[in-house]
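Let me begin by presenting the structure, written as structure tokens, before commenting on it.
Nothing in this text is a laboratory measurement; each read-out follows from the coordinates by a stated rule. In this text the structure is predicted, and so the values were computed from the model without any measurement. With ideal geometry, Cβ positions are generated from the backbone for all residues, glycine too; neighbour counts draw on all protein chains shown.
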Amino acid sequence: MDFKCATAFYILFWTAVITSANHNEEFHEELYVKPLPNGQINTFFQFTTRWKLEAGQNLDHTRLMPRTIAEILNIFDVKELHISLTQGLWRYETWGYPVVDSSPGAEMWAWFNGNLTRAQVDSQWKKLTSTLSGVLCASLNFIDMTNTVEPKYGFRPQFGTSKTNSEANGHIRYATLPREIVCTENLTPWKKLLPCNSRIGFSSLLTSGHVHNTFYHSLAVHLRTLCDDEIKENCIIELRETANIVYDQKLLGGSDFSLRKMFGQGLNGACSLADTSIIYVDVTNDRYTLTPEPKEVITSTRGGVTTLFAVYNVKEESNDKLFNIAWVAKERKNSVPIISPPPLVAHRYILNHGQERGKVVTEITNSHWGPLNVVVQENIPWYVPVYLHTLTATVNKERITPKLVHYIPGEQRERPYHLEVALTVPAKSVVRLSIDFDFIFLKWLEYPPDANHGHYLGSAVISTVLPNTKNYTGIPVDGYLFAHSFNASRPGYFLQIRTESLILTLPTPDFSMPYNVICLACTVVALAFGPIHSVATKKIVIESRETSHSILSKLKRKLFGKKTKEEDVAEEKEVAEEKTEDAGTDLEKESEC
Amino acid sequence: MGILTDASLNQRNHLGRNFLKHNRKICALFYLAGAVWFCCLGHSQFNHATYLSENALSPGLVYSEIKVESARIAQNYLDELNREREVYRSGIPYNWIMAKMQQIGLEVYTHNFTLHYPLGSGREFHGENIYGILRAPRIGSTEGIVFSAPYRPPESVHPDITASVPLLLAFAEFTRRKNYWAKDLIFLVTDREQLGMHAWLEAYYKGDLEDASALDAGNLKGRAGALQAALNLEIQDFDAEYLNVKIEGLNGQLPNLDMFNLIQRIAARELPVREPCGYKQTSPRKRAKNKNAVLENVKAMLSMLLSQANGVPTGNHGLFHRYRVEALTLEAVKKPKSDYQSRGAAVLPLLKVIEGVSRSLNNLLERFHQSYFFYILVSNDRFVSIGDFIPCLLLMAGPLFIKAFFLWLGLNVEDPEMEKCDEDEKQAESSQTELKPIVKKELDLQYSKVLRIFLIAHLIGFLASVMPENRGLNEVFATLGLSSNQFITGLAVVFSIVALLAPHIVELNYDGVELLHIVTLLELASVLVVVGLLNFALGFLLSIVIAPAAILVDRNHNASIKCLNRFYVILLHPLIVSYGVVLILTLNAFPELGLLAVAQRAIGATMDALTYSVVDSIIYGNWVYNAVTIAFLSNWMMLWRVVCYTKTEEGRPKLKTS
């Protein structure tokens, strides 16, 4: 049995190698593990598929590239596409910057082909989101023009040269669904896009029971097409699937951990279709002893920051048992680490008292020694009407003027408020960007039908170019593997960070009210009808003759019924002569006077 | 068809006459009906059993996971903290608390605040809160729950609650090891009693973007989204005799009844039988048996109303309510004498209660919105909802409206001689069926004069409300060497004298006084109802005291009753009412003292109470002082003017004879 398997495996393997050479397709799997300073562990998976298309080849014949993705490129004129499904919030202060950033919930943006018109882009975008909704089993189909914005300054295309980039202006669409909950139903289709599926290779580590039990996890798909400016047919299609997971040591139990502890099982070898299968372990801090010992340690100096990576090439490891790496703490002190925060962090919160108006505040902290230029893209849905004149940026209670404000007012039920503010955050200071909004009543069908936490505001995106790489692990735009970030010094490092998404409790009517109102209205009508009718139809004439009667004598009369004539005469009577239109006026009484 | 415009109801006909004749009886009937209604609510036929409305809470559905180990940690923390307290006699051992929080693995922040004391020379007080946030793995910091414990330094005059912080930290340590949290947990240790909590909340909800008033709350460095609920812990000792749940918040606001029920359910499940938990729980040893249940219930309701009426929160939880965060305080009262064996016996049950509550709150899918926000607790498992108790207030404030109506009706009542003339006329016109205009005497209602009195009274009331805040005035008195207490009392006395004299500036005739009386009654009734809607306890208790004024005060009394009336109205003066309340409270607190000694003591206490109510109004936004000065003092002045009217002042105008 074993022999058969092995033979089959080798046959498969070699055919794979041969065909891959023919098809100009490559597939890489990478895993980056970084023990974070506060005792949590970041594991970052990246699966890269690259397909060099040459003249004469078309997207209909796919091999490693998933067919659904190829079709998307074919049908929707997409140049670049990013989708992320995230649970939890990346904590920049304690974790540094992630390799790939994403906002809580679902986030998606795409660049479209430069030759489309605006309306075409909109319609392609809508179709694209609906298609992807099926591909990833996420609620991306809820993305429409009411929650889509067109970023102008904060986002940069990652395809082509500067020429194509300028053409791409205005062909981007961005949307978030902060309410989206990420679960195993998203993980399974995400894994299905991989050539080895989830049976073998690094993706076999991603079992839903363990991935969803973590502090933070984010699945993402990044797709871009890089085309030659001269020969348009010569293109490279690049698909990166990333999974960013943060484990908590305390939840794993103890200060030691291993791949098996984190993922529930060891690694059952490399994906045979992969060109490389490498695990990188950050050993800069040297807090752990690694078992097995790495065969190689790479030193990467990038932007003045040196990082050490232990490298495990899984392809070279023997396949007869599950591969596992263990981290054993060198010191068992119950010490509290001092964490130096990254240069730029941002937070967002709502200030309000009561249910009338409030303030959305975005707080950007620059702990770098020099000023930083940032572009803040606020994400404000249509049900949070903001007032541009209340937009203030303050540093230590002193107002500063933004360098640039790009604002497209929202329209209720039509489009969100789009606000991009470019400003300089002075060195070692905090900028607070605040804008006032009103609480509004929605139409009754616009309230969620079920129990709901409130209405969500997606996270703001803050883009900047960092001068150094402290806590920075991003992959440069010209690379596609994690390994490409080694020694990749550049003049600046483009960084995007996202704030928390917010929950707003809009004034909610008591939905049992209609019932109460109906009951009350019916009662009022019933009660009011009689008197109104009688007032409208009767003429009241009053004559009174004064006599004094005690209650007692009256009562007596009432009790004994019969009245004496004298009493009758003396009795004060109200005569209501009813000159009614209706026939039955037998109530008429004659006045004694 | 309106009753006011109905021509069939006037002073001349039978109904009108009877109304006028029996108006006091009718009013008294309403008043008594209100009182009886309230007493009825004590009977189990008229109140309801509590139930949990919010299904997501499902209390006690999870198995308690907190183990003896956590109790041991709490005990260790307490021992450590007690050692720290020997060093820090008057402040918080910040380093110790922060180190513990950091070790547990929380995000730790401090929050500084400054109070510019609004009275006197404007001294400054500084404080510092410490809080740690456990970031929930299941959520992106969009929602949070607060667990707070006030810290009292050893020199504090309040009861010692040292054990709260260790318990809080032990629970935090437990939560850090669990991964099911779907709301960020904030563990907050507050400084300077309610001020610290108030400052923290102000900072959380207002930030420092607006100009600070008396309290400079600053901003917070870490937040946890929209707060859903809060639990405040006041643990006197780990050897607890019983648990007391405090719910009354600022301005008489209450937490959602579900929150209270949740605590009750979980406490009933987790606490041993000998440690009862409940609202206004008293020592189980003092329980007397075989008492009248209805009477006990009514007493319990009244005691809840009494503690709600002054609008002062009974614990740190009370400040959350205005931000729509459901909060209450769990107070563990220590055993009068503890033995070594039972030392720390209550830690684990307490931790289990907190765990149960936190996990139920963790399940919440939406903000508390079901169940009741307005209720009176009859006992721990029975309550009266607003629909049932608001009629009491209406029945009590109703007589004021009715009285005003009767006065209006009686304004043009004729003398008997005049009626005779009328009768002749009547007979002459008896054949006519047309509506005949009633012959009226000349009424001189003096609208402008009444308006003048109204304005003067309210201006004085307004001044009484804002004067204590005035910085300049405070400075002047401070330089004179007067304490803020004396300053406030001085102001109160001055305003009382002004209130006694001011309404007499404007001369009024008989009808004018009548009109003033009507205006007074209408205003009083509206104010009582409005106050009752905002804070039922205050409105209801004031109605009990004030409504008889409507029934008693009348112009047609003879001199001695008039004198009594005046005396009664004097008693209703806000200052005297507050003195009376304080006196009764002092009598209850020190039954061993003589009446004179108590009366003297009560004067000092009233002065303090007055100052506190002013300070509360400025710092916390408690509106009792403002309501009393603006509405009730002004109204009292007008009422005073009414009862002071004598016929000698200006004779009744001559009736015009036809």
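With Cα atoms defining each centre, region B:326-347 and region B:492-507 are spaced 53 Å apart in the structure.
Given contacts defined as C-alpha pairs under 8 Å and at least six residues apart, what's the relative contact order of region A:90-145, whole-number percent? Before the final figure, lay out the partial values.
On the way: 20 pairs, mean separation 12.6, N = 56.
Normalised by residue count, the contact order of region A:90-145 is 22 percent.
Based on C-alpha pairs under 8 angstrom that are at least 6 apart in sequence, chain B has a relative contact order of 18 percent. For A:Lys79, nonlocal amide neighbours, meaning residues 5 or more places apart or on other chains whose placed amide H falls under 5 Å from its own, are A:Trp111, A:Phe112, A:Asn113.
Residue order for B:Asp444, B:Asp258, B:Asp216, fewest other beta carbons within 10 angstrom first, comes to B:Asp444, B:Asp216, B:Asp258. Helix B:574-589 axis versus longest C-alpha principal axis of chain B: approximately 50°, rounded to the nearest ten.
As I understand it, the dipole of the protein assembly as shown uses +1 on the Cβ of Lys and Arg and -1 on the Cβ of Asp and Glu, about the Cα centre. Which of B:Met98, B:Met197, B:Ser121 lies farthest toward its positive end? The residue sitting farthest along the positive end of the dipole is B:Met98. Counting Cβ atoms of other protein chains within 10 Å of each residue's Cβ and taking the mean over peptide A:351-362 gives 3.
For the pair region A:165-235 and region B:529-555, the centres of their Cα atoms are 68 angstrom apart.
With a Förster radius of 56 Å, plug the Cβ-Cβ distance of A:Gln412 and B:Asn558 into 1/(1 + (r/R0)^6) and report the FRET value to the nearest 0.05. The computed FRET efficiency comes out at 0.20.
Put simply, when A:95-103, A:385-393 are sorted by average Cβ atoms within 10 angstrom per residue, most first, you get A:95-103, A:385-393. Taking the C-alpha atoms only, the angle from helix B:347-363 to the longest principal axis of chain B is near 70 degrees. Across chain A, the relative contact order, built from alpha-carbon pairs under 8 Å that are at least six residues apart, equals 14 percent.
Per-residue 3J(HN,Hα) values for region B:79-89, derived from phi via the Karplus relation 6.51 cos²θ - 1.76 cosθ + 1.60 with θ = phi - 60°, read 4, 4, 5, 4, 5, 4, 5, 5, 8, 9, 7 Hz in sequence order (x marks Gly and Pro).
Remark on region A:434-562: hydrodynamic radius 24.4 angstrom, per the Kirkwood mean of 1/r across alpha carbon pairs. Amide H contacts for A:Ile542 (H built 1.01 Å from N in the peptide plane; partners 5 or more residues away or on another chain; cut-off under 5 Å): B:Lys436. With R₀ fixed at 60 Å, the C-beta to C-beta distance from B:Glu86 to B:Tyr180 puts the FRET efficiency at about 0.95.
Along region A:422-439 the Karplus relation, 6.51 cos²θ - 1.76 cosθ + 1.60 evaluated at θ = phi - 60°, assigns HN-Hα couplings of 9, 8, 9, 8, x, 4, 6, 8, 10, 9, 10, 10, 10, 9, 8, 9, 10, 7 Hz to successive residues, with x for each Gly and Pro. Over all alpha-carbon pairs in region A:344-504, figure out the percentage whose distance exceeds 19 Å. For region A:344-504, the fraction of Cα-Cα distances above 19 Å is 59 percent. By the combined test of axial Cα extent (at least 18 Å) and Kyte-Doolittle hydropathy (mean at least 0.5), the qualifying DSSP H helices of chain A come to A:2-23, A:513-537. Each of the peptides B:166-173, A:368-375 was scored by the mean count of other Cβ atoms within 10 Å over its residues; in descending order, highest first, they stand as B:166-173, A:368-375. According to the square roots a ≥ b ≥ c of the eigenvalues of the Cα gyration tensor, what is the shape class of region B:32-90, taking rounded for a/c under 1.5, prolate for a/b larger than b/c otherwise, and oblate for the remainder? Because a/c hits 1.5 or more and a/b fails to exceed b/c, region B:32-90 counts as oblate. Karplus-derived 3J(HN,Hα) values for region A:454-464, using 6.51 cos²θ - 1.76 cosθ + 1.60 with θ = phi - 60°, are x, 9, 9, 10, x, 6, 7, 10, 10, 10, 7 Hz; glycine and proline are entered as x. A:Glu233 sits among other residues whose Cβ lies under 14 Å from its own Cβ, and their net charge, with Lys and Arg +1 and Asp and Glu -1, is -2. Shape class for region B:140-201, computed from the alpha carbon gyration tensor (a ≥ b ≥ c): oblate, with a/c not under 1.5 and a/b at or below b/c. Seen from B:Pro548, the other residues with C-beta closer than 13 Å to its C-beta sum to a net charge of +1, counting Lys and Arg as +1 and Asp and Glu as -1. Per-residue shielding of B:366-373, expressed as the average number of other chain Cβ atoms within 10 Å of the residue Cβ, stands at 2.
Per residue and in Å³, how big is the convex hull formed by the alpha-carbon atoms of chain B?
Working: hull volume 132.7 nm³, N = 658.
So the per-residue Cα hull volume is 202 Å³.
Could you work out [θ]222 nm for the protein assembly as shown from helices alone, using -39500 (n - 2.57) per DSSP H run of at least four and dividing by all its residues? Round to the nearest 500 deg cm²/dmol. Per the formula, -11500 deg cm²/dmol.
Extension gain for A:Val524-A:Leu559 works out to 9.1 nm (0.36 nm per residue, less the C-alpha to C-alpha distance). Label-to-label distance for A:Phe142 and B:Ser483 is 6.1 nm, based on points extended 7 Å past Cα in the beta-carbon direction. Take B:67-75, B:612-620 and order them by the average number of nearby Cβ atoms within 10 Å per residue, most first; the result is B:612-620, B:67-75. Once Lys and Arg get +1 and Asp and Glu get -1 on their Cβ, which of A:Trp327, A:Ile542, A:His171 lies farthest toward the positive end of the dipole of chain A? About the Cα centre, the residue reaching furthest to the positive side is A:Trp327. Count the DSSP beta bridges whose two residues both fall in chain B, then state the antiparallel fraction as a percent rounded to the nearest 5. Antiparallel bridges make up about 55 percent of those DSSP assigns within chain B. Taking amide hydrogens as placed 1.01 Å from N in the peptide plane, the amide H of A:His418 sits under 5 Å from those of A:Ile408, A:Gly410, each at least 5 positions away in sequence or on another chain.
Calculated on C-alpha atoms, the gyration radius of the protein assembly as shown divided by its Kirkwood radius gives an Rg/Rh of 1.08.
Taken residue by residue and averaged, Cβ atoms of other chains lying within 10 Å of the Cβ of B:136-149 number 5.
In the protein assembly as shown, what % of DSSP beta bridges are antiparallel (nearest 5)? Once the DSSP bridges in the protein assembly as shown are tallied, antiparallel ones form about 85 percent.
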